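Trainee: Handing you a structure now.
The values are calculated or read from the model by the stated rules, or taken from the named source; none is laboratory data. Since the model is a prediction, treat every value here as computed from it, not as a measurement. As a convention, Cβ positions derive from the backbone with ideal geometry for all residues, glycine included, and neighbour counts pool all protein chains shown. Quick note on the areas: whole protein, heavy atoms, side chains included, nothing else; ligands and nucleic acids left out. Shrake-Rupley method; radii C 1.70, N 1.55, O 1.52, S 1.80 Å.
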Amino acid sequence: MKKTFVLTVLFVLPIVVYLFFASGVTNFGKLPTLTENISDLPPAYNDVSLKGKITILGFLGRDIELKKGNAFNLNQKIYKRFYEFKDFQFLMVMPKGTEEKVSELKKELGGLSDIGKWNFVHVEENEIQNFFKGLQTNLSLDENLSTPYVFIIDKDGNLRGRTNDDDEGLKYGFDATSVADLNNKMEDDVKIILAEYRMALKKNNSNRDK
């Protein structure tokens, strides 16, 4: 009996503790809002909208060949894990003139997964700059209108992130060049925001049933 108890403590208890803490972030955390009411894309691009979707927003810029690694990292580490969730999308804001390069990238991504929720919009340069400024982050676009960082936008058009990240403090975006950042931080934060909407949906359904 004593031996059984010791074995239980040694092998079962650590698993229970791990599951408790692993699930705790997703079930009880809430992702802070860093910028409220981000303006949507101009009306000319209204075939894709931030409203009503949980959006992973990115800016790959003109030199797509140099940013393919970022796209593949995002596809493998984030997109493939969450694209089956309803109202989830990727949105890459691209400079006009990159249509052919984007078409090539989409073909390559399509060989890895269903890319139905990868969206690319081609926008005038000044509109990209204004749209990015509207995020009100501590980051900037480079001369090619790109940034390695991607952003989580909720269904109401609010930018979500971290206010007390261990490494950065205020964390607006996630570095797509860093597999560690995507695996250890962004994946958790996407889980949190999806859990928020699932719990809100359950609450609404419960209220209707009463």
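Trainee: If the only charges are +1 at each Lys and Arg Cβ and -1 at each Asp and Glu Cβ, what is the size of the charge dipole of segment 53-180 around the Cα centre, to the nearest 20 debye? Don't skip to the answer; put the middle values down first.
Mentor: Working: 18 positive and 21 negative charges, 91 e Å.
The dipole of segment 53-180 has a size of about 440 debye.
Trainee: If you don't mind, another one. In segment 75-210, what percentage of the DSSP-assigned beta bridges are antiparallel, given to the nearest 5? Mind showing how you got there, number by number?
Mentor: On the way: 6 of 12 bridges.
Roughly 50 percent of the DSSP beta bridges within segment 75-210 come out antiparallel.
Trainee: Sticking with this one: How much accessible surface area, in Å² rounded to 10, belongs to the heavy atoms of Asp114 with a 1.4 Å probe?
Mentor: About 90 Å², rounded to the nearest 10.
Trainee: How large a share of the accessible area of segment 91-158, in percent, is made up of carbon and sulfur atoms when the probe is 1.4 Å and the other protein chains stay in place?
Mentor: Of all accessible area on segment 91-158, carbon and sulfur atoms account for 41 percent.
Trainee: Check the straight Cα-Cα distances from Lys96 and name the aspartates and glutamates below 17 Å, setting aside those fewer than 8 residues away within the same chain.
Mentor: Lys96 reaches Asp47, Asp63, Glu65, Glu104, Glu124, Glu125, Glu127, Asp142, Glu143.
Trainee: May I ask you to derive the relative contact order of segment 58-210, considering only C-alpha pairs under 8 Å and at least 6 residues apart, and to give it as an integer percent? Could you put the intermediate results ahead of the total?
Mentor: Working: 171 pairs, mean separation 39.7, N = 153.
That works out to 26 percent.
Trainee: With the cut-off at 1.5 for a/c, could you classify segment 89-134 from its C-alpha gyration tensor as rounded, prolate or oblate?
Mentor: Oblate, because a/c is 1.5 or more while a/b does not exceed b/c.
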